[in-house]
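The values are calculated or read from the model by the stated rules, or taken from the named source; none is laboratory data. Keep in mind that this is a model prediction, so the values were computed, not measured. Counting neighbours? That spans all protein chains shown, and the Cβs are built from the backbone with ideal geometry, glycine included.
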Number of protein chains: 2
Amino acid sequence: MYKSALLLVLFVFWKTAGASNESSPASKISLHSTILQEIRNVYIYLPPDYEGSDSLFPVIYVTDGDIHRLRAIAGVVEGLSTATLENQMRQAVIVAIPNTNRSRDLTPSVLPEWTFENRKLDTFEQSGGAKQFRDFLKTELVPYIERRYRVSTERILVGESFGGLFAADTLLQQPDLFSGYLIIDPTALWDDNYLNRQYELKKETVLTTSPRIYFTFANNSHLGKIGLTNRKWGERFASALKAASSNPARVSQRYFEDETHGTVAFLAWYHGLRALLPAE
Amino acid sequence: MYKSALLLVLFVFWKTAGASNESSPASKISLHSTILQEIRNVYIYLPPDYEGSDSLFPVIYVTDGDIHRLRAIAGVVEGLSTATLENQMRQAVIVAIPNTNRSRDLTPSVLPEWTFENRKLDTFEQSGGAKQFRDFLKTELVPYIERRYRVSTERILVGESFGGLFAADTLLQQPDLFSGYLIIDPTALWDDNYLNRQYELKKETVLTTSPRIYFTFANNSHLGKIGLTNRKWGERFASALKAASSNPARVSQRYFEDETHGTVAFLAWYHGLRALLPAE
């Protein structure tokens, strides 16, 4: 099950007809995952200096990574990592992973019915597959990317909402899988405060590594107690990590008063990525 | 001189091998401008719904539009105009215009030596060509785009620094050329307060139309009196326009305390474009 027998099915997307610096910003590849037992597509953005240099580039992995999200986050990275915005961050490869079964892959515990204070928030045919999805990343996708592209082992995980929950869970279960985490308005309301409950169990192992972590939270007070509690639990988790860290300066959190759960990603990418991959 | 004898030289760039919604986000075309007597390249981004619909799309024209800036601003637009960020703005075509001679095209008056309080800020071999460049836009580029692409006559001009000076000057000289203006930290220090001096001469004609206008200003106080005066004069210009407008709600200005002249563009695009092309 854990053999990384990846099969390259396709390698097409934005083909370029231009030269060097103007070349293909993104391609799409399809892999057969033995672990997930399905074909997974991923979009790959190569930074402007990728061709024509021998450098190794860090890699940003993006959950919920459909093509629009890839282009949006690539825009942020391209702006911040070129003279456009004064080279504030390093150029990076981006690997965006579209969903096939979102609730299955991004949630860390099985929860057919998700409730909060006896109120049903949602139901799921499948949930709790975060470990499997993480195994796919660890033993199939990341090795594939690191074999095929000129990248360093510096890896950033970006997740929003359920993707933020997944990123936070990865920080608890396997903190050294990534060197940086951008956790955007995570679903801290999941499974009766799952993140803080797990944190109590796992904190000794989390704190032996010191990845850079950037949390962002949105203003969801229009959702009433649900929104307020999600923020409270999320901020509690972030604060606990920071307080217990041997290097608190590597853990940041920022609240965006004027953004909601559905809009906060953009400012999170902007502020978070330049903090996680600052120019050297 | 004003005949729009455009010659299509090239039509290549990010060619797509994908289908429909994943198709080419950008192409590069080259035009021969009779007015400017040179070849001009422009990058064109088509939004996700361009293919497969009969809709007309607004057009965003971007000065200083090199490929990195095009990709960055396209990322902002793609994020804001899709479900990625809750469809906050309309999808739009983007036309980014790289420079050939920046000081010639984007400054509105001839100034071989640019001074402020007897201090020399810069010297230019060529300057004062804004009217010619505007004529290129009006009689060559815009008609070309409107013939060739499925676009509406709703046009937004985005300019930063000298490009912001150009956009502000266009607002004074030919306000109806664009329906919206995003003016990013404009060089209000140009030619001894050129913008406010011209405003006094032109305000009657400016105020007969009511384009949407969004000004952004950065914190350049680290530059001392030069930075402070540039902001003061720029904000004076913006406030004068707003106060005199028959529709003040269409004129916005926003100051970014944590951004400088070289970094403010990103937040300006984010906040400005969703204000200028809000979802309907």
Being more than 10 Å from chain A (Cβ to nearest Cβ), among the acidic types (Asp, Glu) and buried (at least 22 other Cβ atoms within 10 Å of the Cβ) is the filter here; which residues of the range B:62-116 pass it?
B:105
Of A:238, A:243, A:188, the only residue that is free of Cβ contacts under 8 Å to residues at least 12 places away in the same chain and within 29 Å of residue A:278 (Cβ to Cβ) is A:243
Within the range B:193-208, restricting to residues that are surrounded by 14 or more Cβ atoms within 10 Å (Cβ to Cβ) and outside any helix (DSSP H, G or I), the one that is modelled with the highest pLDDT is B:193
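Out of curiosity, is residue B:263 within 17 Å of the chain's Cα centre (by Cα), in a loop (DSSP other than H, G, I, E, B) and at pLDDT 95 or above? Full working, then the answer.
Values: within 17 Å of the chain's Cα centre (by Cα): yes; in a loop (DSSP other than H, G, I, E, B): yes; at pLDDT 95 or above: yes.
Criteria met by residue B:263.
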Selection status of residue A:275, modelled with pLDDT of 95 or more, under 23 Å from residue A:65 (Cα atoms) and of a type in the set (A, V, I, L, M):
yes
Could you count how many residues in the range B:246-277 are touching a residue at least 40 places away in the same chain (Cβ under 8 Å), surrounded by fewer than 17 Cβ atoms within 10 Å (Cβ to Cβ) and away from chain A (no Cβ under 13 Å)?
0
Residue, farthest from the other protein chains (Cβ to nearest Cβ), within the range A:32-61, restricted to residues that are farther than 19 Å from residue A:72 by Cβ and free of Cβ contacts under 8 Å to residues at least 60 places away in the same chain
A:37
